[in-house]
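*Asks:* If you scroll down you'll find the structure; I have some questions about it.
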Amino acid sequence: MDSVREYVNIVKDEYDALLLKLKNSGIENNKLSRELRAAHKNIGMMISNMEAQTMLNEVITGERQRQEMYVRLLLESCPDPIFIFDENMKFLLGTESTTGIFGIADMSILQGRELDNIVMRYHPPVFTDELVGMITRTIETRGEYHITKNLEVSTDSSRFEVNILPFHKDNGDFAGALIIMHDITEIIKSKEIAEQASLAKGEFLSRMSHEMRTPMNAIIGMTGIARKSDDAVKKEYCLDKIESASTHLLGVINDILDMSKIEANKFDLAYDVFNFERMIASAVNVINFRVEEKHQSLVIDIDDSIPNAIISDELRLTQVITNLLTNAVKFTPEGGTISLCAKDHPMEDGSSAIRFEVADTGIGISAEQQTRLFVSFEQADGGTARKYGGTGLGLAISKRIVELMGGSIWVESEPGIGSTFIFTIRYEKSETAHFDDQDKLRVGNGTALNFDSHHILIAEDVEINREIMSAVLEDTGLVIDFAENGQEAVSMFRDNPGKYSLVLMDIQMPEMDGFEATRNIRSLEKDGAGRIPIVAMTANVFKEDIERCIEAGMNDHLGKPIDIDDLFDMLGLYLS
């Protein structure tokens, strides 16, 4: 193109020179000069047309290059294998991810090869007879064969959904088949995991039904037996069984509530200073009677270097240790040995930590069962669950607690030999708190406390709960007034300013709930209205529930069912 333009320019220059000579000779108006001027004009138009065509060609070339670049980027970046066979069943092109399907390093290897040749030479594992047949029929029928389903094909490690589409040229002629393969491996895995989780939760609900109905049956049955019997010894036996079944039922309910908090990501810790030795003693006391019943040996080994006053969550740490000890006793036969060891275990970053080991000589756990031990809603073995019972939540809850405390938990076990559960937790040392031997036991009964000079108000709308509180507190010397709803509690306090030393406030009551009642009492312009201790009594025990009680103006919180020791501790705190 450049050489043609150069030649035309030379010709134009010669015409220009000739016209100039004619002009100089004075004959520029004759016929020859007019013809020369016309030719000169045509040459100029020719040059202009050639330049326009050149520019147009450059635009077309640039657009083609951009389109090729976009196609190349698409082929290189598309995560799914996509490739094309032409109308002669020859491979045209494909995305970079297609190389993995054919087991090759360079896509150019396949260029121009026929479908049968590729299948025979490279043996792509996803190219089943059905897939090859569908591609073949699409090409042979010139696109008239329509696929009515999404084909699924698999390799050893992946699973693909395949769509085969005919494509055509601009003039409508058949051009070949487009094969789109979408990797659905993760989708299938997620579906299987969801199905397994659904099955596990179904089995969990079945276990929970059994775990809750069994103690309820004991409570109802023993209550009926005690009611019909005049034998005091037999009544005492029934009461013992009712208490045991009630404690078990409460444990099941607490596990379910804890797991619900974990699932809702509302499971939090409450750090405070506490007596480490007393905490260990409390945990051990829970399982002592079972150890004695099964004639087992219990060995406790506490490292002297662990401070007696530490800062952590005493309640939750006790929960983990108690759960592991309870399991150890449960799965260890009569005459076996249980041990609890706690050692000082400084972390690499210099923070303080304790390593706990709970070992037993029980039935042990297989390697396969160990993979499911700390999974929510699952138990190691269905047969074990039927034989020994349990919610299957204890270890999952323990794992969450330990992780929140900055540690980890694992198990070392062999079937028939025994198991050792090991966990670590971080803690802080208390520089100011000190405990002596007298502080190792919490006050355990009301007779050890005397509240003769105190008058308290209890707001409780359920009659049986009022009866229980009366019976529990009858030997403490307290004078008790009961209000059956929040409105009545506010009126009784307003009419008797300075009379009460403490208010125990239920939360869910008719007329006015405990939150509103507390706010109303605090707003009264009466002596002591702003200072009187108000303690919530409620089955709402989530952290946000407790915080809501404090925000309403309450001083403290007691969870239902009321633990007698906790109740007396609370009375001692505010009335002593």
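*Asks:* Which percentage, to the nearest 5, of the DSSP beta bridges contained in the range 243-387 is antiparallel? Walk me through the numbers on the way to the answer.
*Replies:* Working: 11 of 17 bridges.
If I count the DSSP bridges inside the range 243-387, around 65 percent turn out antiparallel.
*Asks:* Going by amide H atoms built from the backbone, whose H comes under 5 Å of the H on L478, apart from near neighbours?
*Replies:* Distant-sequence amide H within range of L478: F451.
*Asks:* Note the count of lysine pairs whose C-alpha atoms are less than 30 angstrom apart in the range 127-209, limited to pairs 8 or more residues apart or on different chains.
*Replies:* Values: K149/K169; K149/K189; K149/K191; K189/K201; K191/K201.
Summing the qualifying lysine pairs gives 5.
*Asks:* Which trypsin sites (Lys or Arg not before Pro) in the range 502-576 pass both tests, a DSSP loop state and at most 16 other beta-carbon atoms within 10 Å?
*Replies:* On the way: sites: R519, R522, K526, R531, K543, R548; in loops: K526, R531.
Loop-located and lightly packed - K526, R531.
*Asks:* Taking a 20 Å limit on the Cα-Cα distance, which of the listed pairs K294/K330; K429/K560; K499/K526 fall beyond it?
*Replies:* Values: K294/K330 9 Å; K429/K560 32 Å; K499/K526 11 Å.
Exceeds cut-off: K429/K560.
*Asks:* Please work out the average accessible area per residue across the range 187-343, using the 1.4 Å probe convention, and give it in Å². If you can, show how the numbers build up before the last one.
*Replies:* On the way: 8920 Å² over 157 residues.
With the other protein chains kept in place, the range 187-343 gives 57 Å² per residue.
*Asks:* Of all GluC sites (Glu not before Pro) in the range 309-378, which ones are in loop regions per DSSP and have a Cβ with at most 10 other Cβ atoms within 10 Å?
*Replies:* Sparse-neighbourhood loop GluC sites (Glu not before Pro): E334, E348.
*Asks:* Mind listing the long-range amide H neighbours of A175? Cut-off is under 5 Å, sequence gap 5 or more, other chains count too, H placed in the peptide plane at 1.01 Å from N.
*Replies:* F167, H168, K169
*Asks:* Of the accessible area of the range 232-337, with the probe set at 1.4 angstrom, what percent is carbon plus sulfur? List each step's numbers first, then the result.
*Replies:* Working: 2920 of 5440 Å².
About 54 percent, which is the carbon plus sulfur part of the accessible surface.
*Asks:* For E463, tell me the accessible area in Å² from a 1.4 Å probe, rounded to the nearest 10.
*Replies:* Rounded to the nearest 10, the figure is 120 Å².
*Asks:* Moving on. Quick one: 3J(HN,Hα) in Hz for the range 126-136, Karplus 6.51/-1.76/1.60 with θ = phi - 60°, rounded, Gly and Pro as x.
*Replies:* Rounded to whole hertz, the list is 7, 7, 6, 4, 5, 5, 4, x, 5, 5, 4.
The values are calculated or read from the model by the stated rules, or taken from the named source; none is laboratory data. Owing to the predicted nature of the structure, the values given are computational and were not obtained by experimental measurement. Note that each Cβ is placed from the backbone with ideal geometry, even for glycine, and that neighbours are counted across all protein chains shown. Keep in mind that these areas ignore ligands, DNA and RNA; they rest on the heavy atoms of the full protein, side chains included. Shrake-Rupley method; radii C 1.70, N 1.55, O 1.52, S 1.80 Å.
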